[in-house]
Structure formats: structure tokens, C-alpha cells
1. Of the numbered conditions (1) surrounded by 21 or more Cβ atoms within 10 Å (Cβ to Cβ); (2) under 30 Å from B:Leu232 (Cβ atoms), B:Tyr123 satisfies every one except a single condition; which is it?
2. Take B:Phe285 and tell me if it is part of a helix (DSSP H, G or I) and touching a helix residue (DSSP H, G or I) at 6+ places or on another chain (Cβ under 7 Å).
3. Has the stretch B:251-273 got any residue that is among the small types (Gly, Ala, Ser), under 26 Å from B:Pro144 (Cβ atoms) and in the same structural domain as B:Val113 (by TED's automatic domain parsing)?
4. Could you please tell me which pairs satisfy a Cβ distance under 7 Å, a separation of 6+ or placement on different chains, a first residue in the stretch A:87-113 that is over 27 Å from A:Pro316 (Cβ atoms), and a second residue that is of a type in the set (Asp, Glu) and in a loop (DSSP other than H, G, I, E, B)?
5. Could you please let me know if A:Gly222 is among the small types (Gly, Ala, Ser), touching a Pro at 6+ places or on another chain (Cβ under 9 Å), at pLDDT below 95 and not in a helix (DSSP H, G or I)?
6. What is the one condition in (1) in contact with a helix residue (DSSP H, G or I) (Cβ under 9 Å, 6 or more places away or on another chain); (2) outside any helix (DSSP H, G or I) that B:Trp135 does not satisfy?
7. Out of the stretch A:300-333, which residues are surrounded by 16 or more Cβ atoms within 10 Å (Cβ to Cβ) and assigned to a loop (DSSP other than H, G, I, E, B)?
8. Mind checking which residues of the stretch B:1-24 are surrounded by 14 or more Cβ atoms within 10 Å (Cβ to Cβ) and within 24 Å of B:Val94 (Cβ to Cβ)?
There are 2 protein chains.
Amino acid sequence: MSQTYQRIVLASRPTGAVTPDNFRLETVPVPELADGQVLVRNHYLSLDPYMRGRMNESKSYAVPQPLGEVMIGGTVGEVVASKNPKFSAGDKVVGMFGWQEMGVSDGTGIQKVDTTHIPLSAYLGSVGMPGVTGWYGLNQIIKPKAGQTVVVSAASGAVGSVVGQLAKLKGCRAVGVAGGKDKCDYVVNELGFDACVDYKAAKDAKELYMMLKEATPDGIDGYFENVGGDVLDVVLSRMNPFGRIAVCGMIAGYDGQPLPLKNPQLILVSRLTVEGFIVSEHMEFWPQALQELGAGVAQGKIKFRETVAQGLASAPEAFMGLLKGKNFGKQLVKLV
Amino acid sequence: MSQTYQRIVLASRPTGAVTPDNFRLETVPVPELADGQVLVRNHYLSLDPYMRGRMNESKSYAVPQPLGEVMIGGTVGEVVASKNPKFSAGDKVVGMFGWQEMGVSDGTGIQKVDTTHIPLSAYLGSVGMPGVTGWYGLNQIIKPKAGQTVVVSAASGAVGSVVGQLAKLKGCRAVGVAGGKDKCDYVVNELGFDACVDYKAAKDAKELYMMLKEATPDGIDGYFENVGGDVLDVVLSRMNPFGRIAVCGMIAGYDGQPLPLKNPQLILVSRLTVEGFIVSEHMEFWPQALQELGAGVAQGKIKFRETVAQGLASAPEAFMGLLKGKNFGKQLVKLV
């Protein structure tokens with residue numbers, strides 16, 4: 001074990017798009033453990049769109065990330081030293097240590113996980129926060145019935161892939177929206193969605209509408225929103241009466257781009273319910289969700305894909321790529 | 001009783017704003033009653049924003065109003081002849097006879113009402129469809145708790161006035177948005193709202209925001225939307241976390257004006273629920289709502305104001321005025 005480790009702190013707040021200057025890589029000494037503490041070597045860092053909101057000073061999901069402190073983030077790793085009777089060296093744990101190679105905990109905020117049937121990294125994706133996000137939006141907001149049509153944007157991503165696969169398991173027609181032929185092919189051929197619309201292949205909103213219409217011949221009963229912008233406008237115009245929209249993210253506007261909704265009247269005309277949510281505010285559902293998602297992954301019913309950047313120093317670039325949709329599936333940073 | 005009566009049919013569909021040409025006044029003979037039928041002389045015709053949607057061919061609330069047929073509309077009147085044992089001459093009834101001086105029914109679609117403590121015209125307003133609309137949106141969608149702040153647009157209108165007064169009865173802070181000092185004064189001084197924002201007095205969205213901020217020092221927990229456009233944008237930015245928005249109408253866009261929502265991201269950021277509804281799809285709540293509203297009006301706890309146009313021929317102009325907010329309170333047409 002080295003006597004120092006690396007971490008990345010927020011150096012400045014972005015004005016518009018995130019730049020490498022917003023981050024600073026630091027080398028710091030590994031602390032001595034006090035009684036009750038656990039030292040964890042992080043194997044994977046999770047990169048997620050919500051982090052972009054934290055980088056702003058303004059009102060967003062939650063309190064802003066403080067300047068000069070380690071960037072927030074979910075991690076999975078292995079206990080390398082423990083002065084806490086509940087943890088032993090070798091234990092695999094999931095935690096929120098952020099963008100750093102190691103982390104110290106007093107035992108709170110970390111949880112042992114079983115990697116017998118589930119790969120460690122999946123606890124940051126389908127069997128972690130993104131998976132529960134998809135589960136919650138689908139089951140608690142969209143609440144689809146068998147035979148209904150559920151659409152999800154960013155369909156090949158960590159959240160979207162879970163939404164569509166869970167919808168299929170419920171007997172729904174699952175339709176993805178994703179950027180590029182590769183992602184769409186994956187969504188249909190590997191994840192088993194019924195159809196996927198490549199929004200990048202549409203030259204304008206009208207063509208996007210026609211593509212979506214073909215993919216949703218019976219209209220749309222539920223929509224899981226990760227993106228915002230044109231996609232939301234077009235989906236709104238395909239919604240069936242009493243449709244439900246779970247608003248999980250609007251990544252298209254995270255750098256401050258205006259994302260006007262052209263026809264909010266459709267909320268009235270089609271008597272829709274549109275509900276924004278943040279999964280960390282619904283912790284009471286996590287145990288049930290994680291159990292179902294874990295079983296699904298272990299049984300091969302929920303598949304996923306990962307894009308893995310190598311080494312902590314690659315995190316800023318990987319994060320900037322994530323915000324532009326350059327990742328394919330769950331974006332991780334491998335730290336060891 | 002004259003042997004003919006007048007009615008107004010939809011002559012053509014508007015392209016943009018409604019014009020007098022869209023309507024045609026006709027004189028038709030009073031029909032002979034068959035067994036089981038009732039002849040009603042309508043005293044008041046109700047004019048309501050939803051009628052605008054019916055005039056279009058395109059997808060709207062409901063099936064379009066057919067060309068050449070009597071314009072849809074709620075009415076109250078008096079039975080003048082009956083061959084139905086359930087109705088007698090002199091009975092006061094509420095019905096949906098539309099824009100005409102008389103109507104024939106087989107007894108379905110009309111309901112006797114008691115005018116001992118409630119004026120006949122109120123059955124088209126606070127104790128009718130508009131009242132139930134306000135009741136449903138407030139109680140079934142916004143569901144405010146005592147001490148919370150509820151905002152309603154078109155606050156002096158038939159729906160808005162009920163929303164605010166019911167909110168006050170629940171111990172909420174009720175804040176109206178209305179056009180002009182007279183309406184705002186009425187909303188506060190006569191209806192008992194805590195505050196009212198005159199949107200016409202704001203020179204831009206920023207000033208409207210400042211006015212609304214002053215009127216809602218603790219933010220907004222529930223919003224009842226009748227208007228759309230700038231007001232909705234500004235309200236959204238004052239919504240508290242987990243706020244609820246009942247979308248009842250977006251009258252500002254009924255002639256096809258674009259009504260883009262500038263910051264739909266706020267639905268996510270503030271974890272809002274936005275729900276569109278049409279009260280006629282929730283008939284199971286009408287008996288309870290009408291009972292509460294009737295008691296409120298009879299006891300003087302729910303006040304209302306009416307703008308009454310004289311004679312059927314005045315209906316088109318009164319309707320066009322309604323769509324521009326020229327009415328003050330419930331817009332009626334007096335037919336006798």
C-alpha cells in the first residue's frame with residue numbers, strides 16, 4: 001500500500017461547459033486509522049450526470065459541491081485495513097468516497113456487497129443508484145400496465161437500460177431513444193427493447209416525430225426522461241391520455257443551455273402527469289429495488305454495458321464525455 | 001310562449017382568434033313534445049374557455065364541435081312543458097342545452113336544482129362545472145396542507161375564485177394572479193385572498209417575478225393553472241420542493257399562440273408534480289364537490305361575481321371577450 005494516494009477536487013465552477021480546469025488532481029498522505037475506522041481502496045468510481053448540477057453554485061438538485069473538496073461520487077472498493085469490528089480486510093464495499101483512490105469511514109456510509117453472482121462494478125450501475133433510479137421512476141411514477149408502451153431516453157445508459165428491461169419484464173412495449181446506430185442496435189439486440197429511435201439520425205423535430213411514431217404505433221403511456229429538449233417535445237406529442245412522465249434528468253441543459261418546452265399545453269390536452277424526482281429522497285424503496293435488481297442481474301435478466309476509463313486522472317475527461325453522451329452504458333473510472 | 005326560438009351554431013372554425021363569422025344565429029320552430037320529453041326555457045347560458053378548444057378540428061380536450069350544430073354549453077332554466085312524470089312546469093333545471101333559448105330533453109342530462117338559498121345562475125359557476133373544477137384541482141391534485149401557499153391564475157374568474165376561497169377555508173395562504181387593479185382588489189377585498197398579483201402591471205417577467213415573490217414570501221406549494229405562458233414560467237421558479245401544479249387551462253394559448261415553457265428543468269430541480277385534468281372525467285367526485293360548494297355559497301363562505309351579457313345574440317362577443325379576459329367573474333348570457 002502506497003503512503004500517498006490521489007484525489008480530485010473541484011477547483012472552480014464551470015461557466016457553461018465543464019473544462020479540465022474545473023478540477024485539480026492532488027496527492028495526499030494515507031491517514032492513520034483511528035479506532036472504529038476503516039480504510040477502503042476504491043476500485044471503481046462512478047460518474048453520473050447529477051454531478052454536473054453539484055458543480056454549480058445555483059439552486060440545483062442539492063447543496064453545491066464545495067470548492068477545494070473532493071468531488072462527490074459513488075465508489076466500490078475493498079477494505080484494506082480496519083479498526084472497526086464490523087469490517088475486515090478483503091470486504092467488498094460500496095460507498096460514496098468520491099473522486100479519490102482511497103477513503104476512510106467510521107463504518108457509516110459504506111455497505112458490504114456480495115460479488116459471488118454480481119460483479120463489483122454493477123453496484124455502481126444496475127444494482128446501484130442508477131438502477132434504483134430507473135426502478136423508482138418506472139414503478140412508482142410511470143406505473144405501467146402490461147401491454148402499454150414505455151419510452152426512455154438515454155436508453156443505453158445506466159438508468160435507461162434498466163428502465164427498458166424492467167418494462168419488458170412487466171410485459172410492456174419498451175422503446176428507447178439513444179444517440180447513434182451502435183447504441184440503438186445494442187438497445188434492441190442485446191437489451192431486448194422492442195425498438196429504439198436514433199435521435200441523431202433525425203434531421204429535425206418533424207423527422208424525429210415520424211421515427212418515434214413508427215416505433216410507438218399505439219402512442220406512449222409512460223416516458224422516462226433523462227435528456228430534455230427536442231426529445232421531450234416530440235414525446236409529449238405522442239403521449240396517450242393519462243400518460244405519466246418521470247423526469248429523472250435533463251442532461252441536455254446541464255451546462256445552462258435553454259431547454260424550452262414548446263407545447264406544455266399537451267400536459268392539459270392529454271391529461272398527463274409529469275413528475276420530477278431524485279432517488280436519494282426515496283430511500284424507503286431502495287431495499288426492495290436493490291433486491292429485485294440484484295436478482296435480475298444475477299439471473300442475466302438485466303444486462304448492462306460499461307465504459308471504463310483507466311485511472312483517476314482520466315476522470316475529468318470521462319466526465320466531460322459523459323455529459324456529451326460519448327459513453328456507452330455506465331461510465332466508470334477504474335482506479336486499481 | 002313564442003312558436004320559434006333562437007340558437008347559435010358553429011358556422012366555421014377559427015384560424016387564430018375567434019371572430020363573429022365563426023357563429024351563425026338561427027331561428028327555429030319550437031318542437032312538439034313526444035311522450036317522456038321535457039321542454040326547457042333556458043335562463044342563462046354559461047360561457048367557458050373550454051369551448052374554444054371544441055371549435056378546433058385538431059386534437060383537444062374532446063371531440064370537436066360539429067359544424068352547423070348548436071354550440072356546446074351549460075345552461076340553467078325552467079321547465080315550461082313536460083310529458084315526463086319526473087318533471088313539472090316550473091321546475092328549475094341545469095343542463096347542457098348549449099347556445100340556444102330552449103331545449104328538449106327526454107329527462108336525461110338535466111337535473112332539478114333548488115334555488116331557495118342558491119341563485120339559479122350559481123349552478124353554472126361556483127356550484128357548477130367551474131366550481132367542481134376548482135374543487136377537484138385543489139383537493140385531488142394540489143392537496144394543500146394548512147399553512148401552505150396556494151397560487152391560482154385567473155383568480156377572479158369562475159374557477160379561480162373558488163380555488164382561492166377553498167384554499168383559505170383550509171387554512172392556506174391564497175394568492176391570486178389576475179389582470180388589472182380592479183380584479184386584484186376584488187380578489188383580496190371581497191374574496192378574502194391574502195394577496196393578488198396584477199400581471200398586467202408588470203413590465204416584464206422579471207418584474208412579475210418580484211411581485212410574485214413579495215406575495216409568496218414562503219414560496220409556492222400548490223399552483224392552479226388557468227392561463228399558461230409567462231405566468232407559469234414565473235410561478236415555476238417560485239415553487240417549493242415537492243410542489244404540485246394542477247393544469248386546468250392554458251387560455252393564453254387557445255388561439256394557437258406558442259406558449260413555450262422556458263425552464264421545464266424546474267420540474268426536476270424542485271421535484272414537482274404537474275398534472276393536467278378535465279373535470280368531466282372525474283364524475284365520481286361531483287356529488288361531494290357540489291354539496292360542499294353549495295353549502296359554501298348558501299352560507300356566504302364562497303362568494304362570486306358574474307358578468308352577464310344580455311340576450312343570445314350577444315354570446316359570440318361575450319365569448320370573445322372571455323378569451324381575452326374582459327369578463328370579471330363568471331361570464332353568463334342572460335336569455336330571458
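The values are calculated or read from the model by the stated rules, or taken from the named source; none is laboratory data. The structure presented is a predicted model; accordingly, all values stated were derived computationally and were not measured. When we count neighbours, we look across all protein chains shown, and the Cβ atoms used for this are built from the backbone with ideal geometry, even at glycine.
1. Condition not satisfied by B:Tyr123: (2).
2. yes
3. No.
4. A:Lys112/A:Asp91
5. no
6. (2)
7. Once the filter is applied, which keeps residues that are surrounded by 16 or more Cβ atoms within 10 Å (Cβ to Cβ) and assigned to a loop (DSSP other than H, G, I, E, B), the stretch A:300-333 yields A:Ile302, A:Lys303, A:Phe304, A:Arg305, A:Gly325, A:Asn327, A:Phe328, A:Gly329.
8. Within the stretch B:1-24, B:Tyr5, B:Gln6, B:Arg7, B:Ile8, B:Val9, B:Leu10, B:Phe23 qualify.
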